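Worksheet for the structure shown next.
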Amino acid sequence: MPALDRKTIDRALSGLAGWAYVDGRIEKTFAFMSYADEVAFAMRVALDAERHDHHPDELTLLWKRVRVAYVTHSAGGVTEKDLEAARRVEGYARRFESVQ
C-alpha cells in the first residue's frame with residue numbers, strides 16, 4: 001500500500017476531529033475522566049491492532065490521556081491503513097462516556 005501525499009492526508013484528517021499530521025505520522029491525544037477508562041481504551045486499541053495486523057507507531061498512556069499515532073514504516077509514510085485505523089480508534093473512543 002503506497003504512502004499518501006500530504007493533500008490527501010489533510011483532506012482525510014478534516015473528517016477526524018483532533019487528529020493531526022505531525023512529523024510524518026498522524027496522531028491524536030484522547031482525554032479521559034479516569035485512569036481505568038484510559039487503560040481500557042488503550043487495551044481496545046491494542047486488540048484492534050492485533051486483529052488488523054496494523055499497530056500504532058505510538059500508544060502512550062499518560063495520566064488520564066492516551067496518545068495514539070500511526071504511520072506505515074514499510075511504505076515510508078501515512079497510508080490508507082493508518083487512516084482506517086484512526087477511524088476505528090475514533091469509534092472506540094466514543095464508547096467511553098468519560099471522553100472529553
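Remarks
- Distant-in-sequence amide H partners of Asp57 (H built 1.01 Å from N, under 5 Å): Ala69, Tyr70, Val71
- The calculated Kirkwood hydrodynamic radius for the chain is 13.5 Å, given to one decimal from all distinct C-alpha pairs.
- Distance from the Cα centroid of segment 64-88 to that of segment 1-46 is 7 Å (rounded to whole angstrom).
- Nearest-20 debye value, segment 6-94 charge dipole, Cβ charges on Lys, Arg, Asp, Glu: 260 debye
- Between 0 and 90°, nearest 10: helix 80-94 axis offset from the chain longest Cα axis: 20 degrees
- Residues whose amide H comes within less than 5 Å of that of Gly77, counting only those at least five positions distant or on another chain, are Thr72 (H built at 1.01 Å from N in the peptide plane).
Taken together, the values in this text are just the output of simple stated rules run on the coordinates, not laboratory data. What you are looking at is a predicted structure, and each value in this text was computed from that prediction instead of being measured. Here Cβ is always computed from backbone atoms with ideal geometry, including for glycine, and neighbour counts include all displayed protein chains.
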